[in-house]
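To keep things clear, I will list the structure first and then write my remarks on it.
The values are calculated or read from the model by the stated rules, or taken from the named source; none is laboratory data. Bear in mind the structure is a predicted one, so any value in this text is a computation, not a measurement. Reconstructed Cβ throughout: ideal geometry from the backbone, glycine too, with neighbour counts over all protein chains shown.
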Amino acid sequence: MPKDYCDFGINASYYLPIFELVRDVGRETAPPEEVDARRDEAPDRIETRTLRIIRDTVWAERVKEEHDHMCQICKTRIELNGGEAYAEAHHVVPLKEGGPDVKENIMCVCPNHHAMLDDKIRRLTPEKTVGVAKAYVRWHNRKVAITKQTAV
Ligand SMILES: [Zn+2]
């Protein structure tokens, strides 16, 4: 809604009710009592069908245990309330891109570094990738280079 009517060549007050009508079309909201009644309802749900890669978590769990659930990049170890530690297993060459589900393709990382590695915004260095096959590290770093080239 215009607050400044300087550009109107005619009496703007004539048009204001029309503007308000146009603005309010489609903005009908539920009466307050209906909104209050819906507040406690669970959000609507839809049924979906998903195809997931079946992965063997044995190697992921083993890599996390070998690193004592400590991120191989930043050395963060997240301890949960129950006393157990939390870490994530990152497949350096993702399974969806043909990477194997083997120990040499898995790193133990914190959630932040997992996201950075998945998004290919961080290169890997040899000292941070103990236990990972060099070929997989090279694959990852080539992807980072391509991402940075296209991002610039
Ligand atoms: Zn980390």
- Message: So Arg123 ticks every box in (1) within 16 Å of the ligand (Cβ to nearest atom); (2) at pLDDT 95 or above but one. Which box is left unticked?
- Response: (2)
- Task: Please work out which one of (1) charged (D, E, K, R); (2) more than 20 Å from the chain's Cα centre (by Cα); (3) at pLDDT below 95; (4) within 26 Å of Arg52 (Cα to Cα) is the condition Lys128 fails and give its number.
- Result: (4)
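For residues that are among the β-branched types (Val, Ile, Thr) and surrounded by 20 or more Cβ atoms within 10 Å (Cβ to Cβ), tally how many sit in the stretch 67-86. Let's see the steps before the verdict.
Of the stretch 67-86, the ones among the β-branched types (Val, Ile, Thr) are 73, 76, 78.
From what's left, surrounded by 20 or more Cβ atoms within 10 Å (Cβ to Cβ): 73.
The number of residues fulfilling the criteria is 1.
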- Query: Pairs, please: C-beta under 9 Å, at least 6 apart or cross-chain, first residue at positive phi and in the stretch 56-84, second of a type in the set (Val, Ile, Thr) and assigned to a strand (DSSP E or B)?
  - Reply: His69/Ile78
- The condition of being at pLDDT 95 or above, touching a Ser or Thr at 6+ places or on another chain (Cβ under 9 Å) and closer than 30 Å to Ala135 by Cβ holds, among Asn105, Asn112, only for Asn112
- Message: Filter the stretch 87-101 down to the residues that are loosely packed, with under 14 Cβ neighbours inside 10 Å and not in a helix (DSSP H, G or I) and list them by number.
- Response: Gly98
- When the stretch 46-72 is checked residue by residue, the ones that are within 16 Å of the ligand (Cβ to nearest atom) and assigned to a loop (DSSP other than H, G, I, E, B) are His67, Asp68, His69, Cys71, Gln72
- Note on the structure: (1) over 20 Å from Lys143 (Cβ atoms); (2) within 16 Å of the ligand (Cβ to nearest atom); (3) surrounded by 11 or more Cβ atoms within 10 Å (Cβ to Cβ) all hold for Asp118 apart from (1)
